[in-house]
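Take a look at the structure below.
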Amino acid sequence: IIRGNQREKDRERAQARSGGKAKKNDDGLTPEQRRERDAKALQEKAAKKAAKDTAAGTNAGSKSTKK
């Protein structure tokens, strides 16, 4: 048995176990569109967190310099 051949066999077995569906990252967007979408999602998430922190009255993200 050749070592490279064993690797191929393992890949085939793993693919058979996962139902033959390969992981696909194609959502029909160009890389630029994907970056824009992800940046927008991150901004919304940050805004949501900031609003939650302000509503809770916490000082998230600010460092106190009092001694």
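The values are calculated or read from the model by the stated rules, or taken from the named source; none is laboratory data. Every value quoted in this text rests on a predicted model; they were computed, and no experiment measured them. Cβ sites come from the backbone with ideal geometry, for glycine too, and all protein chains shown count toward neighbours. We work out accessible area using only protein heavy atoms, side chains counted, and drop any ligands, DNA or RNA first. Shrake-Rupley method; radii C 1.70, N 1.55, O 1.52, S 1.80 Å.
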> List the pairs whose first member sits in the range 31-60 and is in a helix (DSSP H, G or I), whose second member is surrounded by 11 or more Cβ atoms within 10 Å (Cβ to Cβ), and whose Cβ atoms are under 7 Å apart, counting only residues at least 6 apart or on separate chains?
Replying inline: ARG37/LEU29
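Take the range 1-27 and flag every residue that is open to solvent by less than 80 Å² (accessible area, probe 1.4 Å) and at pLDDT below 65. Show your work before the answer.
Keep residues of the range 1-27 that are open to solvent by less than 80 Å² (accessible area, probe 1.4 Å), which gives 4-6, 10, 14, 16, 18-20, 22, 27.
The answer is GLY20, ALA22.
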